[in-house]
Amino acid sequence: MSNGLRARLLIGASLGVIGALAPLSASGQEVIDLDTVIVTGENFERSLKTTASSVTVLGEDEIDARVDAASVDEIIAGVPNVVIPADYGQGSAPTIRGQDSEGPNSGANAFFGGTTPRATVSLDGHNLSYYELVYSSTPIWDVDSIEVFRGPQTISQGANSIAGAIVINTKDPVFERQAAAQVEYGSLETRRASIMLNSPLLEDLAGRVAIDYYARDNFIDYTNPAFASAGDQDLETRNARAKLLWQPAEIPGLEAKLTYQYVGSDRPTWEAATEPFDERDSDTLTNPIWDQKTHTVIGDLTYDFGNDLVFTNQIQYSDLETDRLSAPFNSGSAEIESQDFSNEARLTFGTEESVWSGVGGIYYRNTDETDTLYLSDRSSRPTYVSRFEDKRDSLGVFGELNYRFLERWVLTGGLRYQRDALQREGFAELAGRVGSVLTPVDYDDSFDAFLPKISLAYDVTDTVTVGGLISRGYNPGGVTLNLVTNTFAPYEKETAWNYELFTRAKFLDDTLSVNANLFYTDLHDAQRYLVSDVDRFFAQTVNADKAHSYGLELGAEYKPLDVLTLNGSIGLLKTEIDEISDPAAVSLKGKEFGRAPDYTLAFGARWDILDNLSLSGDVRHTDGYFSDDVNDEDAFIDSFTVANARVQFRPREEVELFGYVKNIFDEEGPTFLRYSRTILGYEGPVVPPREFGGGLKVSF
C-alpha cells in the first residue's frame, strides 16, 4: 500500500470515528469534560485558553500513556509542523516551522565554527547545549509536562529560540511517600529499567529520586568488510535526578528547591543507512562513537508576598564532557568540555483573571567551551590538532503587562532587550597538499536587539477565544569555516517578525477542544546552510537577505465518552528564500527551507475498555521534503507514515502490564540525507523498523 493511500485511509477512518461518536456526547447521560491545560513556559503561568503563542502541551496522562516511548523526541514526533528525522544524531534536532533547531552550523561546521541553536530546549531550567540536543537523549521517566512552542520565543526564552522552544518539567517532591519502578524489553534488544522514590524527610523537607536506564541495539547492519569502530555501535542512556523541596512553616510563602541531574549516554554519530535504504544497511567505513556526561545543579527560590505578588529566582550550573571516538583515532576523534552558568530573577503580579497582571525580570548566562579535534586524511600521516576556546555571554531584561478590559478583552504587551557577546579563538589544522594548513580564527563580536510582543484576545463566548499576535525574534550571529577555501567567515544575526491569528475553543459541552494558529513569519538576514557545489560534503552558513514562511497549526481533542479520548492535528507550511545577495549563495534564491514538509498529520486514540484495561494508538504522516536548503533532488525525502499501538492492563491498582508495537506497517525509507565523502554517495537516518515490546510497572 502506498504512503499516500495509507495516510488517506487512516485519516479518513479517524474522521469517520469522530463523526460517528459525536452525537453520543450530547445525549446527556453523563457529564464529561476536558481538563484545563496550563502553560508555564512563558514566565507567567496561564491557561492554554489565554495563551496566544502556538503551543502543544503534553501532560502527565499523555506521557504515561506512551509506554512505547523512551525519550522526549518520541513523544513530540506528532506535534504539527515539527519534524524529527531521528531520535538522535546528525539531522535529528527538531525542525520547527522549517527552522532547524540545531542551528545554522551543523556537522563538522558546528565543531569548527561553534554552535548557535535556533530553539531552546529547557529541562527544568537547564538549556540543552548543541551536543546534548543532537548526540544525547532526554528520557521521559518521571516527567510531568512537555510544552512545544512554535514560532519566535525570544522574549520569554532569550537568544537561540527564534524557531521556538521545548520546555520540559520533571516532577517535584511531594510530602507523602511514593515509589514506582518499571522494567521493559523490546525486539530490538531494548532494555529499560527505572525507579522513583519520594518521601518527606522532615516536617518541611521532601525529597525525590528518579533513575532511568535505557539501551537498545543499533538496527543498522554495517556491511563493509573494512568497517572500523572505536567502540560499541549500540545505544545506552543513563539518567539520574535528585530533588529536595523545602517549605518552612516559620516562613510562610517561601519555597526552595535544589535539583541535581546526571545524564550519560553512549551512541554512534547516527544510525544512517546507504542505498538501498529500505534494507537498513550501511556501506560506510566508520561511524564515530559519542560518549557524553552532563552534571547539572539547579537552585529554585520562590517567595509569595501575598496579593498575587511572587518573586522567583533560578540559578543553574552544568558541566558537560563529550568524547567523539573515531577509528583510527586521528580520523576525527574530538574532546568537548563545556561549563554553563545561568541565573534568572523575575517578579510576577496578578493572575490571568486580574485586570492587571504581568512579569518583569533579568536573565544572565555564560558558557565556556573548549573543543579539540584530532584529524588526518590518512592513518599513516601525522595527526593534526585543531583547538578552539569559545566564550559566550547573554543578557536579557524583559517585561510583560496584561490588561483585561470590557470583561472579554485582554491586551498584552511585552518587551525584551537581548545582548549576546561571542568570542571564539583558536585554529583549525587541516591536511594540505604538503603537510598541514593552519587556519586561525579570532572572532569577537556582540549583538543586541529590542524584541517587542503584542497580542489582543477577545472572548467571543465563555468557551471561544480569538485573537492576534505580533512578535519579533532574534538569533545572534557567529562564524563559519569554508572547508573548500579553508577560511573562516562571519555571518550576521537573523531577525524575524512573526504575525499570528489564533483561536481557542471548546464545544459540545466542553468535550471537544480546538486550538489553531495561522502564522506568517518574515525573516531578515536568515541564517541558512549552504552545501558547496564543489564538494557536496562541504557546507557553510550564509545570510539570506529575506525569507519567509507561513502556515497553520490545528489541534483538536475530543472526549465523546468518559472511556474514549480522540485527538488529531494538522500542520500546513510553506517556506521560501526570497532574496540573497551573497554571490556564493545566489543558487538558494527561490528555494524551500530544508526539512519543511508542506503538511504533517497526526491522529491518536485512547479507549479504556475496562477499568483496568486500555488500548491506545497513534499515527502520523509527514509529507515529502528536501534535506537541505539547496533542494538537492537526490536528497529529497518521500512522504512516510508511522503508526504505533499500545495496551495497558492493571490486574491490581499498583501493578501495570503493558505491551506495544512501534511502526506497525514497518514503514521504510530515509528521513534525512547528507552526502558522504567516504562512500561518495548519500547516507542518512531511516524510519526505525517495526518493534514489539512490553514491560511491567509498579507503584505504591
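Taken as a whole, the condition of being touching a Phe, Trp or Tyr at 6+ places or on another chain (Cβ under 8 Å) and buried (at least 19 other Cβ atoms within 10 Å of the Cβ) does not apply to Pro689. For region 33-89, a residue qualifies if it is in contact with a Ser or Thr (Cβ under 6 Å, 6 or more places away or on another chain) and among the basic types (Lys, Arg), and exactly one does: Lys49. The requirement of being under 13 Å from the mean Cα position of the chain (by Cα) and either closer than 22 Å to Lys697 by Cβ or touching a residue at least 12 places away in the same chain (Cβ under 8 Å) (or both) is fulfilled nowhere in region 107-115; no residue meets it.
Contact map, region 233-247: first residue over 14 Å from Ser199 (Cα atoms), second residue aromatic (Phe, Trp, Tyr) and part of a strand (DSSP E or B), Cβ cut-off under 6 Å, separation 6 or more or different chains; pairs are Thr237/Tyr214; Arg238/Tyr213; Ala240/Tyr262.
Of these, Leu615, Leu601, Leu564, Leu610, which one is closer than 24 Å to Asp68 by Cβ and in contact with a His (Cβ under 8 Å, 6 or more places away or on another chain)? Write out each step before concluding.
On the way: Leu615 fails: in contact with a His (Cβ under 8 Å, 6 or more places away or on another chain); Leu564 fails: in contact with a His (Cβ under 8 Å, 6 or more places away or on another chain); Leu610 fails: in contact with a His (Cβ under 8 Å, 6 or more places away or on another chain).
Checking each option against the conditions leaves just Leu601.
The criterion of at least 3 residues that are in contact with a Lys or Arg (Cβ under 7 Å, 6 or more places away or on another chain) and of a type in the set (A, V, I, L, M, F, W, C) is met by none of the strands (runs of 3 or more DSSP E) falling completely within region 472-513. Of all the residues in region 442-471, those that are more than 19 Å from Asn402 (Cβ to Cβ) and part of a strand (DSSP E or B) number 10. Once region 339-355 is narrowed to residues that are crowded, with 17+ Cβ neighbours inside 10 Å and under 22 Å from the mean Cα position of the chain (by Cα), the residue that is nearest to Ile38 (Cα to Cα) is Glu344. In this structure, Asp545 does not qualify as within 20 Å of Ala585 (Cβ to Cβ), within 26 Å of the chain's Cα centre (by Cα) and surrounded by fewer than 18 Cβ atoms within 10 Å (Cβ to Cβ). Can you tell me which condition Pro268 does not meet? The list is (1) crowded, with 20+ Cβ neighbours inside 10 Å; (2) farther than 22 Å from Asp232 by Cβ, and all the others hold. Unmet for Pro268, out of (1) crowded, with 20+ Cβ neighbours inside 10 Å; (2) farther than 22 Å from Asp232 by Cβ: (2). Report whether or not Val661 is among the hydrophobic types (A, V, I, L, M, F, W, C), surrounded by 15 or more Cβ atoms within 10 Å (Cβ to Cβ), over 19 Å from Thr600 (Cβ atoms) and at pLDDT 95 or above. The answer is yes for Val661. Only residues that are outside any strand (DSSP E or B), at negative phi and out of contact with any helix residue (DSSP H, G or I) (no Cβ under 7 Å at 6 or more places or on another chain) were counted in region 673-697, giving 7. For the condition touching a residue at least 24 places away in the same chain (Cβ under 8 Å), of a type in the set (D, E, K, R), crowded, with 20+ Cβ neighbours inside 10 Å and more than 30 Å from Phe427 (Cβ to Cβ), Glu400 qualifies. If I filter region 305-319 for residues that are part of a loop (DSSP other than H, G, I, E, B) and of a type outside the set (A, V, I, L, M), do I get at least one hit? Looking through region 305-319, at least one residue is part of a loop (DSSP other than H, G, I, E, B) and of a type outside the set (A, V, I, L, M). Suppose we filter region 168-224 for residues that are of a type in the set (A, V, I, L, M), part of a loop (DSSP other than H, G, I, E, B) and surrounded by 15 or more Cβ atoms within 10 Å (Cβ to Cβ); how many remain? Result for region 168-224: 2.
Residues are listed down the side, and each one gets a yes or a no for (1) assigned to a strand (DSSP E or B); (2) touching a residue at least 24 places away in the same chain (Cβ under 8 Å); (3) farther than 22 Å from Leu58 by Cα; (4) aliphatic (A, V, I, L, M):
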position	(1), (2), (3), (4)
Gln540	yes, yes, yes, no
Lys546	yes, yes, yes, no
Ser549	yes, yes, yes, no
Glu553	yes, yes, no, no
Ala556	yes, yes, no, yes
Gly568	yes, yes, no, no
Gly571	yes, yes, no, no
Lys574	yes, yes, yes, no
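Evaluate the following for Lys506: is it closer than 23 Å to Asp628 by Cα, basic (Lys, Arg) and either modelled with pLDDT of 95 or more or under 24 Å from the mean Cα position of the chain (by Cα) (or both)? No; evaluated as a whole, the condition is false for this residue.
Only one entry in Leu401, Leu395 is in contact with a Lys or Arg (Cβ under 8 Å, 6 or more places away or on another chain), of a type outside the set (Ser, Thr, Tyr), within 20 Å of Gly158 (Cα to Cα) and not in a loop (DSSP other than H, G, I, E, B), namely Leu395.
The values are calculated or read from the model by the stated rules, or taken from the named source; none is laboratory data. Given the structure is predicted, the values throughout are model-derived calculations rather than measurements. Cβ: placed from backbone, ideal geometry, glycine included. Neighbour counts: every protein chain shown.
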